[in-house]
1. If you go through the range 225-237 one residue at a time, how many are of a type outside the set (A, V, I, L, M, F, W, C), crowded, with 17+ Cβ neighbours inside 10 Å and more than 21 Å from A173 (Cα to Cα)?
2. Read through the list (1) closer than 22 Å to D199 by Cβ; (2) without any contact (Cβ under 8 Å) to a residue 24 or more places away in the chain; (3) among the aliphatic types (A, V, I, L, M), then give the number of the only condition that L256 fails.
3. Could you tell me whether any residue of the range 241-256 is in a helix (DSSP H, G or I) and of a type outside the set (D, E)?
4. Inspect all residues belonging to the range 174-191 and state whether any of them is touching a strand residue (DSSP E or B) at 6+ places or on another chain (Cβ under 9 Å), open to solvent by 50 Å² or more (accessible area, probe 1.4 Å), without any contact (Cβ under 8 Å) to a residue 24 or more places away in the chain and under 13 Å from T262 (Cβ atoms).
5. For the range 258-278, enumerate the residues that are open to solvent by 60 Å² or more (accessible area, probe 1.4 Å) and of a type outside the set (A, V, I, L, M, F, W, C).
6. Among the candidates R133, R148, which residue alone is farther than 25 Å from L69 by Cα, more than 60 Å from the chain's Cα centre (by Cα) and assigned to a helix (DSSP H, G or I)?
7. Kindly indicate whether E311 is assigned to a helix (DSSP H, G or I), at pLDDT below 75 and open to solvent by 90 Å² or more (accessible area, probe 1.4 Å).
8. Any idea which of (1) under 30 Å from Q367 (Cα atoms); (2) out of contact with any Gly (no Cβ under 7 Å at 6 or more places or on another chain); (3) open to solvent by less than 50 Å² (accessible area, probe 1.4 Å); (4) at pLDDT 90 or above is the one A608 doesn't satisfy?
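The values are calculated or read from the model by the stated rules, or taken from the named source; none is laboratory data. This structure is a prediction, so every number in the text was calculated from the model and none was measured. All Cβ positions, even for glycine, are placed from backbone atoms using ideal geometry, and neighbour counts span all protein chains on display. Ligands, DNA and RNA are excluded from the accessible area calculation, which covers all protein heavy atoms including side chains. Shrake-Rupley method; radii C 1.70, N 1.55, O 1.52, S 1.80 Å.
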Amino acid sequence: MTRPGEPVEGACALILAPGGRDAALAASLLAEIGQPSVVCADLDRFAGGLGADTAFGILTEETVRHADLGRLAAAVEAQPSWSALPFILLTRHGGGPERNPEAARLTEILGNVTLLERPFHATTFVSVARAARRGRERQFETRAVVERLHRSEATLRTALTAGQLGTWELHPASGRLSSSPMLRKIFGRRETEAFSYEDFLAGLHPEDRDGVVETISDAIGGGGEYRAEFRIVWPDGTLRWAEATARIETETGGELRLVGLTSDVTDRKSAEVGQREQTEDLERRVAQRTAELESAHARVLDEIRQRERTESQLLQSQKVEAIGQLTGGVAHDFNNLLMAVLGNLDLLSRHVAGDARAARLIDGAIQGAQRGAALTQRLLAFARRQELKVEPRALADLVRGSEDLLYRSLGDGIELRIDLPDGLPPAQVDGNQFELALLNLAVNARDAMPGGGALDIGLDRVEVAEAADGLAAGSYLRLSVTDTGTGMDAATLAQATQPFFSTKELGKGTGLGLSMIHGLAQQLHGMLHLSSTPGKGTRAELWLPAAQAEAVQASPAPAVAAGGPTATPRGALRILFVDDDALIAMSSVDLLEDLGHHVTQAGSGAQALAVLEGGVEIDLMITDFSMPRMNGGELARAARALRPGLPILLATGYAELPEGDALDLPRLAKPYMQHQLAEEIARLGL
């Protein structure tokens, strides 16, 4: 920065004074004040030396009086806007331009001229030179300001162009809008095309136009800033997004104007939409994945619970199977003992016909033995080893046939309600065992209602679409027995079908009722389902497979007198009786002989085959099934091989025989009495 009074670096004064000592004197005086100068030999060199960095010019009047000043005038005219180059004109005539026409002409051509009459004092010259230099220094300062302004404007234009920012000014009073080429480009117009405020409004999307106008009005009325985002519709129909910001300025005359910038933000909006879609997609995928994980977690938990249930069921099944094997074996052996007891009592009763007291005692013993037989049947039912006669039966008829017995068993304090719809198909069931199961359920319900209540018995048909809960897919008949008794909690309900479990007082229940029904249901490929609520009652459901064939009507058994069979054999039969138990063999042989038959006894399968191989005439072979070394099934095969037409009656307490031993043979259920033995022989047609 040059201090005031110091010459501007590089700025020289030009001197044109070819005659006399004026040039040398002027240069000497300028040197004294530190002002560089250049003496020009002629007018052309003087005019050619004038430039933006010239401090000022000194010339004499006579040099230019009759000269061609065209080149000098052109140099002065070519000055930049900030420049008004000072000239010092040395004259010989006093007075101002009105008394010196030549000076007036030069002033008009040169513009900024100071007249200095010769001869002059050195001090006067120096003062005029310094004044000219100070004026030129102020011009140089103005030049620096203008150059900085131009550079700032250039930088701003570059930034606006690089940022694709359009500038504009809106004069609300007149509605005049001035805009930059970039703004017109943002609105889809050519850079040279006229663009008015009406064109601006017409280019806005119809849905955004009112909002933009309202925002502008609010900014003008409140003197605040204007900021808006809006859609633009180009003349060719292209839809773009723009963002505008502006502020209110007040001009010198008090007029308001809105000065602002507008940018095209279509790419940003598209990116925002894409980002929003990506975010929504990500959130959707996260939610989907979370749901999948939750579902997988739920499946894992369900599988764990299912595995625990399966393990519990397997453990329970193994426990029940073990108990079943034990009870089945015990029941079978007990059946054999009862067989000997009942057989001997049956025979003994024939010999005390005249002794009432003895007959009464024998009859009591027989009833006790029969109750023991009933208990073994429950044990065998639980072990699924009882003998069943499965055939299509109408359950409604079986329920109606048991109605009187149910009324007598329930007593007056229980209201019995039976709902038996018509049109139900028959079920695959053993009629006697079904009636026994129904009676068991009714008695259990009665005991659960000591203060009285209601018992509902119903039948309906249920279709099972998919195998579940041990039931195969298919059609089922469902017997429901519902009471209003005390009910059971969850822990009691879970143990209700376990063998020997009972909620009754000691001595009032065996704990085999429900387990017997459960075993019967499984043996018939059905299900027993219990549900209960403490204080509200219990519902028992017995599911049995529906039969395709017509129901078999129950036919009354042949009447049998207390003392023996009504059917008399056609004649004495030659019977081979086979049993490894001596007590059973002895009592059974006595029963057969009492019926008039001739009996050959064998204690094993091998002995029986030896009899057959010996050629002894045999009309019928009665054999036990469970024997060591050779069971009844194996004996039957071997016997049929020796004598193909030999009638064989299989005596057993088991419902299911081992694999490979289930021959199609008539069976005699143990324990049996003489009349039952006679009936089975009669059914063989012998």
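1. 1
2. All conditions pass for L256, except number (2).
3. no
4. Yes, there is a match, as at least one residue in the range 174-191 is touching a strand residue (DSSP E or B) at 6+ places or on another chain (Cβ under 9 Å), open to solvent by 50 Å² or more (accessible area, probe 1.4 Å), without any contact (Cβ under 8 Å) to a residue 24 or more places away in the chain and under 13 Å from T262 (Cβ atoms).
5. Matches in the range 258-278: D267, R268, S270, E272, Q275, R276, E277, Q278.
6. Result of the check over R133, R148: R148.
7. yes
8. Looking at each condition in turn, A608 falls short on (1).
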